[in-house]
Amino acid sequence: MTQQPENFTRPNPDLHKDPYRVISEELPLWAEHNFPGWQDYYVPWMFIGAVEEAGEVIDDWLLTGMLPDPESIRKEAGDVVVYLGALCAGYGWTLADVMDEAPLPVVGSGEDQGFIYPMRVYLKVYRSLGKVARGMLKNRQGIRGSSSEHHVAIRSGIRTTLAHLGHFLRLMVPDQPTPEQVLAEKWESVRLRDWRKDPTRGGE
């Protein structure tokens, strides 16, 4: 059986310095080992993964009415960013380029505006994911614009999603991590997984 590439068996010292660049470089190599032929299905399935993880961020909130545990938010938000990075790879883009190509939209400052306010912010995360979905759907259907126009909309939706996710993290997690920080924390563990060697747990 093919072994996990050696560089994924040890920490990457640059990960926490420039997480968008590192995942853009590492994810295609990691995916090729773990999921051969991944280019054929990362679009749209990595987007579906991002949506599923976005739901997990607020699972407890919806089920119990209690505010989610900050560490749970942090972990699941990291999964959302990893999946969006994987979606970019599926299109042949890099998350680093997508995030750098235009300024992030200005969103709220993170001030406390009551119990319901964070949920309103998180709905904007889902609204932005909806814009990504619309661009993907219309591009696949070949309607309402050119492929390049839809790709611009998808990339813009990814940036807006991460801007609102960052606002939510500032509201809900005491040390106010950025999307880059939660990505680095999550990718630090994901990159070590070898799903071909251990299809059940990835070697965790």
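Go through the residues of the stretch 167-187 one by one and say whether even a single one is at pLDDT 95 or above, buried (at least 21 other Cβ atoms within 10 Å of the Cβ) and basic (K, R). There is at least one residue in the stretch 167-187 that is at pLDDT 95 or above, buried (at least 21 other Cβ atoms within 10 Å of the Cβ) and basic (K, R).
The single condition from (1) in contact (Cβ under 8 Å) with a residue 60 or more places away in the chain; (2) in a helix (DSSP H, G or I); (3) within 24 Å of S148 (Cα to Cα) that A86 fails is (1).
Set side by side, the residues P118, P103 differ, and just one is out of contact with any Pro (no Cβ under 8 Å at 6 or more places or on another chain) and without any contact (Cβ under 8 Å) to a residue 12 or more places away in the chain, which is P103.
Checked against the criterion of being on the phi < 0 side of the Ramachandran plot, in contact with a helix residue (DSSP H, G or I) (Cβ under 9 Å, 6 or more places away or on another chain), buried (at least 21 other Cβ atoms within 10 Å of the Cβ) and not basic (K, R), the stretch 31-42 has at least one qualifying residue. Applying a threshold of 6 Å to beta carbon distances and a minimum spacing of six or more residues, or different chains, the list of pairs starting in the stretch 154-174 at a residue that is without any contact (Cβ under 8 Å) to a residue 40 or more places away in the chain and ending at one that is charged (D, E, K, R) and surrounded by fewer than 23 Cβ atoms within 10 Å (Cβ to Cβ) reads G157/K131. The lone criterion from (1) over 13 Å from V80 (Cβ atoms); (2) surrounded by 13 or more Cβ atoms within 10 Å (Cβ to Cβ); (3) out of contact with any Pro (no Cβ under 8 Å at 6 or more places or on another chain); (4) not charged (D, E, K, R) left unmet by T161 is number (1). Taking the conditions exactly as written (touching a residue at least 60 places away in the same chain (Cβ under 8 Å) and more than 18 Å from the chain's Cα centre (by Cα)), does K197 satisfy them or not? The answer is yes for K197. Hey, does the stretch 118-136 have a residue that's at pLDDT below 95, part of a loop (DSSP other than H, G, I, E, B) and under 17 Å from A77 (Cα atoms)? No, the stretch 118-136 contains no residue that is at pLDDT below 95, part of a loop (DSSP other than H, G, I, E, B) and under 17 Å from A77 (Cα atoms).
The values are calculated or read from the model by the stated rules, or taken from the named source; none is laboratory data. Because the structure is a prediction, the values reported are computed rather than measured. Using ideal geometry, Cβ is built from the backbone for each residue, glycine included, and neighbour counts are taken over all protein chains shown.
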